[in-house]
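J.: There's a structure below that I have some questions on.
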Number of protein chains: 2
Amino acid sequence: MPGSDTDEQLALLTANAVDVVSDAELRRKLERGKPLRVKLGIDPTASDIHLGFAVVLRKLRQFQDLGHTAVLILGDFTAQVGDPSGRSASRPRLSKAEVDGHATTYLEQMDKILSKDRLEVRRNSDWLATLGIEDVLRLASRTTVARMLERDDFAKRYAGGSPISVMEFLYPLLQGWDSVMIEADVELGGTDQLFNFLLARQLQEQEGQEAQCVLTMPLLVGLDGVQKMSKSLGNYVGISEAPTEQFGKLMSLPDELMAPYFAHTTPVTVSGPAVTALRKGELAPVDAKRLLARAVVDLYHGDGAGNAAEAEFDRVFKAKETPSAIPEHVLDVSEAVDGRIRLANVLRQAGLVTSNAEAQRLITQGGVRCNDEPVTDPDAALEPARLDGAVLQVGRRRWIRIRSESPE
Amino acid sequence: MPGSDTDEQLALLTANAVDVVSDAELRRKLERGKPLRVKLGIDPTASDIHLGFAVVLRKLRQFQDLGHTAVLILGDFTAQVGDPSGRSASRPRLSKAEVDGHATTYLEQMDKILSKDRLEVRRNSDWLATLGIEDVLRLASRTTVARMLERDDFAKRYAGGSPISVMEFLYPLLQGWDSVMIEADVELGGTDQLFNFLLARQLQEQEGQEAQCVLTMPLLVGLDGVQKMSKSLGNYVGISEAPTEQFGKLMSLPDELMAPYFAHTTPVTVSGPAVTALRKGELAPVDAKRLLARAVVDLYHGDGAGNAAEAEFDRVFKAKETPSAIPEHVLDVSEAVDGRIRLANVLRQAGLVTSNAEAQRLITQGGVRCNDEPVTDPDAALEPARLDGAVLQVGRRRWIRIRSESPE
C-alpha cells in the first residue's frame, strides 16, 4: 500500500537495519506513492537457505507486504564465469545446469518467505553476457584501485599478502551494473555488501538514474557463536530442514545469542512479553530458547509444528532414546577399500559431519556410537554388509540408519 | 641472415640494451635459424617520432637487417577507447580518423629508419575489439592486484594518492594479449615497458606458447638534460624536423649527454676515433657536439645535410642574422578578442612554444623579440593586420614570419 502513512512505512522498513542510505532519500521515494523496485542479489552457488539469509528475505517480504516489488537477481553470469584463476574458493565455476538447479531449489525455498505477487526474478546473464570489451573497460574506468582496496575484505587480503585477482575488482562493478539495468530503487543485503551497494549508487548516477537507497541487515552469527552463519561452516539452521532438526539445533544456541535470534529470526516482537521476561530474568534461558525454537519451527513448518518438534526433542533428549523415525542412509560403497569402508567416510556420506577429518575428531572425542556402542578407533572400517541396519549416532541428537544394498 | 653466426647476432642485437630476458633464451631462438617475429607496440596518440623513440626503431632495424621480421602493432584499439574516466592525461580518446592520421604519419616517418621488407603492420583492434566480457574476465584473472601495484608508475601513484582507474590495470593485459595474438618471439621497447613485457611472457606461456624474449632500450634524456625525451615536454628532436632545426637543437644539448647521444642517436661507433678523442679531452665539447649534430642530420636527411645545416647555423648564430629562410605562420584569428590577438597566443599557434604560459614566461624573461624589438609585456596584444609580415623571434635560434589573411 504505497501512499499509506510514510512515517509508518519508514519505521517498519528500517527496523533492524544496520545501514540505511539514507532515511531522507528513502522517505522521498516512499512519498511518491509508487511501488519501489527492491533489489536482492543472489549468488546461486549453493542451494540451502538458512536463517542468516532469511533475515534479508524477511525484510524483502516486508517491502512486498507494503506493495513494493521484490526484484531477485540471480547472479548466474558470474557463477558461470567463476574465477578462472582458481584462486578464489568463493567463486567456483558452475555449469548452466548446476546454476539452474541451484536457482530452482532456491526459489522453491523462498516460497516459504516471499510472496509470489510483486516478485520479479531476473538473471544477470541477460545483460552481462552480451557486454563487449568496450563496455567492460568503460565500467572499469568508473572506479579506482585505491577505492577498491578500501573494501574491507580486499584491504585485509592485500595487507595479508593473499592474492586478489584483477578480475575480482570487476565483479563489484558488474553487480552494480545490475542495479542500473533493473533501475533499482532500493537494494537489500548483508552489512558485508555495503561497499558494493554504494558503488552501484555511483554507477546509477553516472548513467543518469536516481541512486538506489541501501538497506543492510545484520549478519547472523551461527550456532557456534563465533562466525557468520554459513552452510560451509556447518553452523547453520536451514529453513527447509526438518522441524526436529531445526528445534534441536536451536536448543544448542549459546545463550548470549538469544536476543539477536529473537530479533532477526522470529516474528516475536522484541518489545513483547517473552523477550521482556527474558531480559528481566523472569524467564529461564532454557525456556526462552524453547520459545525461540518453537517460533522458528512454526514460521517455516506452520503453526503447531514447533510444539510437535519440542515433544519429539524431549522424548529423545530426555529419555536418551533413539527417535521414533530415524533417517536412513544408503551406503555409497565406492569409497570401500579392500572390501571395507571406514566409519568416518560413512558419517560424512550420511551428512552427519561435513568432512572425514571432523568425523575422526568426533570419534577420538568419544562422540560417535554405532548401535549404541562407543566407537573409539578413528580409522575403524567395516564390511558394508555388516553395516546394514546399523544405527550410527553423533552427539546426542543425530542418528542415521545405514542401509547397504547387496553388491551386484 | 638467420643461421649466420649466432654469437655475432647476439652481440649485435643486445648491444646497448638495458634488460635482456634472457641471453640464453634469445640464443636458443636464434639458433633455430628461422626469422624471429619482433614486436614493437606503438601508441598512435601522437605523430612525431623523436630521437628517443628512434633508439628502439633503430634496434628493430638491426633485427630486420639480420633477416628477422618487424611486427609493428598500432595500438589503435586502446587509443580509440582512451580513458573514459578522463583521469589519465596519457590516454586521450581519439576518433578512428585521428588514429588513422597519426598512424599514417608515423609510418611515413618510420620509412626513414625501418626497411619495408620484413615489415608487418598490425592493428590491435583486429583482435581486441571483438573480445567479449568472458574473454576480458579471463584475462583479468591472469594477474593479481598486488603484482600490478609492483609496477613502478602504479606504485608511485598509489603511494602518492593519485587515482588509478581499475581500467588501467586491464591495459597491460591487453598489450600482453597482442604478443599472444601475433606470436611474438621478441618484444622491444623502452625500459619503462619491462613490467608489461614480462606480463606478456606469462600470458603466452598460459596459452601454450613459448614466451617472448624481451629487450629494453634506454630512455633517452631530452634536451633539458633532466626528463625523458617527449613531445609533450618540448625537449625533443624530431626525426622529420628540418636539418637546421635538428642541428640547432642538438647544439643546445648539455655536454654530459654527449656520450649517450653518440651511443644511441648516431651511427658513430662509441669505440671510434671521435668518441675516443672526446673522452681523452683531445676534442673540445663544442666540436664533439658539432660532430654529433652533423651525424644526426646526415642520418635523417642524407649525407651532406649535416654540413649544410652547420653552415646555416653558423651564419645565423654567429652573425646574429635572421636566417635566409624564415618559416611562415598564418595567423588563426579565432583567438582574437575585441579585434586584438595576444602575442603569447601567436607564439603558441606558431609552434615556437608549447603553451601560452611558456610564452608569457619567455616574454617576462626577455627572450622574445618582435621585428627585432624586445617584447616586455606578457599580455601584449595587437590587431592581426598589424602583425602581417612581422618576424617573431624566440631565443637565439627560432623565428617565424607572421602572415595575416585579410578578414573576409
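J.: Want the number for A:Thr376 to A:Leu233: 0.36 nm per residue separation, take away the alpha-carbon distance, what's left? Present the calculation step by step, with values, prior to reporting the outcome.
T.: On the way: separation 143, 0.36 × 143 = 51.48 nm, distance 2.53 nm.
That pair, A:Thr376 and A:Leu233, stretches by 48.9 nm at full extension.
J.: If you don't mind, there's one more thing I want to ask. Rank these residues by their accessible area, most exposed first, probe 1.4 Å: A:Val71, A:Val286. Walk me through the numbers before you get to the answer.
T.: Details: A:Val71 0, A:Val286 75 Å².
I get A:Val286, A:Val71, largest accessible area first.
J.: Can you give me the angle between helix A:96-110 and the longest principal axis of chain A, using Cα atoms only, in degrees from 0 to 90, rounded to the nearest 10?
T.: 90
J.: Here is a further query. Calculate, for A:Glu120 and B:Ala155, the FRET efficiency according to 1/(1 + (r/R0)^6) with r their C-beta to C-beta distance and R0 35 Å; round to the nearest 0.05.
T.: Numbers: r = 45 Å, r/R0 = 1.30.
E between A:Glu120 and B:Ala155, to the nearest 0.05, is 0.15.
J.: Suppose every K and R has +1 on its Cβ and every D and E has -1 on its Cβ; what is the size of the dipole of the stretch A:75-185 about the Cα centre, in Debye to the nearest 20? Could the numbers behind the result be given before it?
T.: Details: 15 positive and 18 negative charges, 81 e Å.
So the dipole magnitude of the stretch A:75-185 works out to roughly 380 debye.
J.: Taking beta carbons within 10 Å but only from partner chains, what does the mean come to for residues A:168-179?
T.: Working: counts 5, 6, 9, 2, 1, 1, 2, 0, 0, 0, 0, 0.
So the per-residue partner count for this stretch is 2.
J.: Run the helix sum for chain A: -39,500 (n - 2.57) per DSSP H stretch of 4+ residues, divided by residue count, reported at 222 nm to the nearest 500 deg cm²/dmol.
T.: Rounded to the nearest 500, the figure is -13000 deg cm²/dmol.
J.: Please state the relative contact order of chain A as a whole percent: Cα pairs under 8 Å, 6+ residues apart? Walk me through the numbers on the way to the answer.
T.: Values: 630 pairs, mean separation 54.4, N = 408.
With pairs under 8 Å counted, the relative contact order is 13 percent.
J.: Multiply the residue separation of B:Glu205 and B:Ala308 by 0.36 nm, subtract the distance between their alpha-carbon atoms, and state the gained length in nm to one decimal. Present the calculation step by step, with values, prior to reporting the outcome.
T.: On the way: separation 103, 0.36 × 103 = 37.08 nm, distance 5.25 nm.
Contour length minus the Cα-Cα distance gives 31.8 nm.
J.: Would you mind classifying the stretch A:365-406 by shape? Square roots of the alpha carbon gyration tensor eigenvalues, ordered a ≥ b ≥ c; an a/c under 1.5 is rounded, otherwise it is prolate if a/b is larger than b/c and oblate if not.
T.: Working: a/c = 2.80, a/b = 1.41, b/c = 1.98.
Because a/c hits 1.5 or more and a/b fails to exceed b/c, the stretch A:365-406 counts as oblate.
J.: Can you pick out the pairs among A:Lys231/A:Lys289; B:Lys29/B:Lys112; A:Lys59/A:Lys96; A:Lys29/A:Lys280; A:Lys59/A:Lys289 whose Cα atoms lie more than 31 Å from each other? Write down the numbers at each step before the final one.
T.: On the way: A:Lys231/A:Lys289 22 Å; B:Lys29/B:Lys112 28 Å; A:Lys59/A:Lys96 29 Å; A:Lys29/A:Lys280 40 Å; A:Lys59/A:Lys289 23 Å.
Those over the limit are A:Lys29/A:Lys280.
J.: How about the stretch B:233-297: which trypsin sites (Lys or Arg not before Pro) there are in a DSSP loop, with at most 11 other Cβ atoms within 10 Å of their Cβ?
T.: Numbers: sites: B:Lys249, B:Arg279, B:Lys280, B:Lys289, B:Arg290, B:Arg294; in loops: B:Lys280.
Qualifying residues, ordered by number: B:Lys280.
J.: When Cβ neighbours within 10 Å are restricted to other protein chains, what is their mean count per residue of peptide A:144-154? Please report the intermediate quantities before stating the final value.
T.: Working: counts 11, 13, 6, 4, 4, 3, 0, 0, 0, 0, 1.
The mean count of partner-chain Cβ atoms within 10 Å per residue comes to 4.
J.: Run through the other copies and list how far each one's label point is from that of B:Gly302, in nm with one decimal, shortest first; the point sits 7 Å from Cα along Cα-Cβ.
T.: 10.1
J.: Something else now. Express as a percent, rounded to the nearest 5, the fraction of DSSP beta bridges in chain B (both residues included) that run antiparallel.
T.: Values: 17 of 38 bridges.
DSSP beta bridges in chain B are roughly 45 percent antiparallel.
J.: In a GNM of chain A with a 10 Å cut-off on Cα contacts, which of A:Val316, A:Val296, A:Val186 has the highest mean-square fluctuation?
T.: The residue that fluctuates most here is A:Val316.
J.: Here is a further query. Could you give the nm distance between label points at A:Thr354 and A:Phe195, where each point is 7 Å from its Cα heading toward the beta carbon?
T.: 2.3
J.: Rounded to the nearest 5, what is the percent of antiparallel bridges among the DSSP beta bridges in the protein assembly as shown? Don't jump to the answer; show the numbers that get you there.
T.: Numbers: 37 of 79 bridges.
The antiparallel proportion sits near 45 percent.
J.: Distance from a point 7 Å along Cα→Cβ of B:Asp65 to each backbone N in the stretch B:6-44: keep the residues under 11 Å and list them by number.
T.: B:12-13
J.: So, one more: What are the distances, in nm and sorted shortest first, from the label point of A:Asp332 to the label points of the same position in each other copy, with each label point placed 7 Å from Cα along the Cα-to-Cβ direction?
T.: From this label point to the equivalent ones elsewhere in the assembly: 7.3 nm.
J.: Taking the stretch B:304-402, which GluC sites (Glu not before Pro) meet the DSSP loop condition and have no more than 13 other C-beta atoms within 10 Å? Could you put the intermediate results ahead of the total?
T.: Details: sites: B:Glu310, B:Glu312, B:Glu321, B:Glu328, B:Glu335, B:Glu358; in loops: B:Glu321.
Within the stretch B:304-402, the qualifying GluC sites (Glu not before Pro) (loop, at most 13 other Cβ atoms within 10 Å) are B:Glu321.
J.: Calculate the spin-label point distance for B:Arg27 paired with B:Val226, positioning each point 7 Å from the Cα along the beta-carbon direction, and give it in nanometres.
T.: So the label points at B:Val226 and B:Arg27 sit 4.4 nm apart.
J.: For the charge dipole of the stretch A:152-220, defined by +1 on Lys and Arg C-beta atoms and -1 on Asp and Glu C-beta atoms about the Cα centroid, which residue among A:Ser179, A:Ala211, A:Thr191 has the Cα displaced farthest towards the positive pole?
T.: A:Thr191
J.: When a/c reaches 1.5 or more, the comparison of a/b and b/c decides; with that in mind, is chain B rounded, prolate or oblate per its Cα gyration tensor? Mind showing how you got there, number by number?
T.: Details: a/c = 2.22, a/b = 1.40, b/c = 1.58.
Here chain B falls in the oblate category.
J.: Have a look at A:Ala308, A:Ala97, A:Ala293 and tell me which one the Gaussian network model of chain A (Cα, springs below 10 Å) gives the largest fluctuation.
T.: Among A:Ala308, A:Ala97, A:Ala293, the largest GNM mean-square fluctuation belongs to A:Ala97.
J.: Using Cα springs under 10 Å in a Gaussian network model of chain A, which residue among A:Asp255, A:Asp100, A:Asp135 shows the largest mean-square fluctuation?
T.: A:Asp135
J.: With every protein chain present, what is the per residue accessible area of the stretch B:1-60 (1.4 Å probe, Å²)? Numbers along the way, then the final one.
T.: Details: 2580 Å² over 60 residues.
About 43 Å² of surface per residue is accessible.
J.: Could you state the number of Å between the C-alpha centres of the stretch B:358-400 and the stretch A:1-53?
T.: Here the answer is 67 Å between Cα centres.
J.: Nearest 20 debye, what's the magnitude of the dipole of the stretch A:173-285 about its Cα centre given +1 on Lys and Arg Cβ and -1 on Asp and Glu Cβ? The partial results should precede the final answer.
T.: On the way: 6 positive and 14 negative charges, 105 e Å.
With Lys and Arg at +1 and Asp and Glu at -1, about 500 debye.
J.: Quick one: work out Rg over Rh on the C-alpha atoms of the stretch B:87-148, Rh as Kirkwood radius.
T.: On the way: Rg = 16.5 Å, Rh = 15.1 Å.
Radius of gyration relative to Kirkwood radius: 1.09.
J.: Let me make sure I get this right: for the protein assembly as shown, a, b and c are the square roots of the gyration tensor eigenvalues over alpha carbons, sorted descending. Under 1.5 in a/c it's rounded, otherwise prolate if a/b > b/c, else oblate. Which is it?
T.: On the way: a/c = 3.64, a/b = 2.04, b/c = 1.78.
Prolate, since a/c reaches 1.5 and a/b exceeds b/c.
J.: Further, regarding this structure: Nearest 100 Å² is fine: what is the total accessible surface buried where chains A and B meet, probe 1.4 Å?
T.: On the way: alone 19630 and 19610 Å², together 36510 Å².
Counting both chains, the buried surface is close to 2700 Å².
J.: Which of B:Ala350, B:Leu72, A:His264 sits farthest toward the positive end of the charge dipole of the protein assembly as shown, with +1 on the Cβ of Lys and Arg and -1 on the Cβ of Asp and Glu?
T.: Of the options given, the answer is A:His264.
J.: At a probe size of 1.4 Å, how large is the accessible area of A:Asp19, to the nearest 10 Å²?
T.: Per-residue accessible area (A:Asp19): approximately 40 Å².
J.: Also, quick follow-up: Give the calculated FRET efficiency between A:Ser240 and B:Ser252 to the nearest 0.05, with a Förster radius of 60 Å applied to their Cβ-Cβ distance. Before the final figure, lay out each step's value.
T.: Values: r = 81 Å, r/R0 = 1.36.
Result of the calculation: an efficiency of 0.15.
J.: To continue, here is another question. Where Lys and Arg each count +1 and Asp and Glu each count -1, what net charge lies around B:Leu347 among other residues with Cβ under 12 Å from its Cβ? Walk me through the numbers before you get to the answer.
T.: Working: positive: B:Arg342, B:Arg348, B:Arg361, B:Arg369, B:Arg398; negative: B:Glu335, B:Glu358.
Here the count lands on +3.
J.: Another question about this same structure. Can you compute the charge dipole magnitude of the protein assembly as shown about its Cα centre, using +1 on each Lys and Arg Cβ and -1 on each Asp and Glu Cβ, nothing else charged? Give it in debye, rounded to the nearest 20.
T.: On the way: 96 positive and 118 negative charges, 213 e Å.
The dipole of the protein assembly as shown has a size of about 1020 debye.
J.: Take the rotation relating chain B to chain A, measure from its axis to every Cβ in chain B, and name the nearest residue with the distance in whole Å.
T.: So the chain B residue sitting closest to the axis is B:Val136, 2.
The values are calculated or read from the model by the stated rules, or taken from the named source; none is laboratory data. Because the structure is a prediction, the values reported are computed rather than measured. Cβ atoms come from the backbone with ideal geometry, glycine included; neighbour counts cover every protein chain shown. Just so you know, the surface numbers come from the protein's heavy atoms only, side chains and all, with ligands and any DNA or RNA stripped out. Shrake-Rupley method; radii C 1.70, N 1.55, O 1.52, S 1.80 Å.
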